[in-house]
Amino acid sequence: HTDPPQTSSQCDYECVAPARKGDDNHDHCYDNFNYFISQMGGWPTVIGILVSAVGVLFLVVICQIRYHRRKAEKKEAYSRLFYENRKHVSQLHLRTEFHVGDLPYHVGRTYIYGDNSGACSWKLPITAPERIRDLIRNDHFDEFAESWNRLAKWTKLERTIYYFLTILYYPVCPLYTSLIRKRKYNLVKQKFSEAGNTILNVDQSPDNRKANFIKFSASQDFTIAHIDVMNWEKSKLEWTGITSLPLIVCLTGNGSFSLPFRLDRRDPCMECLKYVLLKDYTSDLNSEDYYYFIRNFNYRAKTINTFTFDFLFFRSVQRLRAFVERMNEELFVPRGYR
């Protein structure tokens, strides 16, 4: 039988091969295909499985489309950021002074000796400073340093006028000193602009010679000068908020009434320190704590007078040191810094 047979308890039936007898409660003879369908649970079950498979396949296709679209968008965004970064670098390259925007590309800093005064002019060492020695042509640096030091040194006429002003009318001396300091800064800065980057190491590859760059900057009162080395090939996206630790920041001023010691908040390295202290947004250290430290540090640093008795000088230094230790215990050490 290949069709539903008429059966009774007295007359059972057998399906004629290749037909098979179904396992359900109905008396049917199935061919191979229909027998397989019946084993799957019938047509409703098979249709449900097919619909589910089509749905899953549709979701997979949609996910793949979205994945490739996001990948293309990320690639386009990265290309745009790379282009903007190159454009940003070209703008920073034109800025001759060290700026906050240079921090992601900052490699290192070295300070220049002296406070740009008649008694202690700025002076470059004959050998390149250790932090930038690998980037400098040592065979040319000594000549560059000698010519640079001649420009930075106060002339006899400038020193003589200063000494006469201290005797005749001392209140004019700070104004005169600031004018000479600014003039010396412009002279030595021009020297760096003309020859500073010609002293870079010629043994470097062409890419590295193009990537490395030197900037000469000074504090707002022109007492502290420093050389900063940039690497324009560094990615701004990889910057973690600091160049290197420990971070050395010199105090500006010379310890006098007109130019007291202080931390210059406009120094990009001080901004770098702020980024380090505030980069953990889960920390309870906020900008007010940071500025509280700077204000109180400068308040105590102003009391350090290098033109007074030794015991008064050391007492002021010890007072400042005690404040720093207290801030370490309260603010910095609990957050992993000192």
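The set of residues in region 105-121 being open to solvent by 30 Å² or more (accessible area, probe 1.4 Å) and closer than 15 Å to residue 159 by Cα consists of 115, 119, 120. Would you check if there is a residue in region 191-214 being open to solvent by 20 Å² or more (accessible area, probe 1.4 Å) and modelled with pLDDT of 80 or more? Yes - at least one qualifying residue is present in region 191-214.
Return yes when residue 249 is touching a strand residue (DSSP E or B) at 6+ places or on another chain (Cβ under 6 Å), modelled with pLDDT under 85, of a type outside the set (Asp, Glu) and not in a helix (DSSP H, G or I) and no when it is not.
no
Filter region 284-305 down to residues that are in a loop (DSSP other than H, G, I, E, B) and surrounded by 13 or more Cβ atoms within 10 Å (Cβ to Cβ) and give me whichever is modelled with the lowest pLDDT. Ranking the qualifying residues of region 284-305, first place goes to 285. Of the residues making up region 143-178, those that are open to solvent by less than 50 Å² (accessible area, probe 1.4 Å) and closer than 18 Å to residue 227 by Cβ are 144, 145, 147, 148, 149, 152. Would you pick out the residues in region 306-338 that are of a type in the set (Phe, Trp, Tyr) and either in contact with a His (Cβ under 8 Å, 6 or more places away or on another chain) or open to solvent by less than 100 Å² (accessible area, probe 1.4 Å) (or both)? Result: 313, 323, 332, 337. Within region 17-33, identify whether any single residue is in a helix (DSSP H, G or I), out of contact with any strand residue (DSSP E or B) (no Cβ under 8 Å at 6 or more places or on another chain) and modelled with pLDDT of 60 or more, and answer yes or no. Yes, the conditions are met somewhere in region 17-33.
Scanning region 216-241 for residues that are open to solvent by less than 40 Å² (accessible area, probe 1.4 Å), among the hydrophobic types (A, V, I, L, M, F, W, C), part of a loop (DSSP other than H, G, I, E, B) and at pLDDT 80 or above yields a single hit, 224.
The values are calculated or read from the model by the stated rules, or taken from the named source; none is laboratory data. This is a predicted model, so every value here is computed, not measured. Cβ sites come from the backbone with ideal geometry, for glycine too, and all protein chains shown count toward neighbours. With ligands, DNA and RNA removed, areas are computed over all heavy atoms of the protein, side chains included. Shrake-Rupley method; radii C 1.70, N 1.55, O 1.52, S 1.80 Å.
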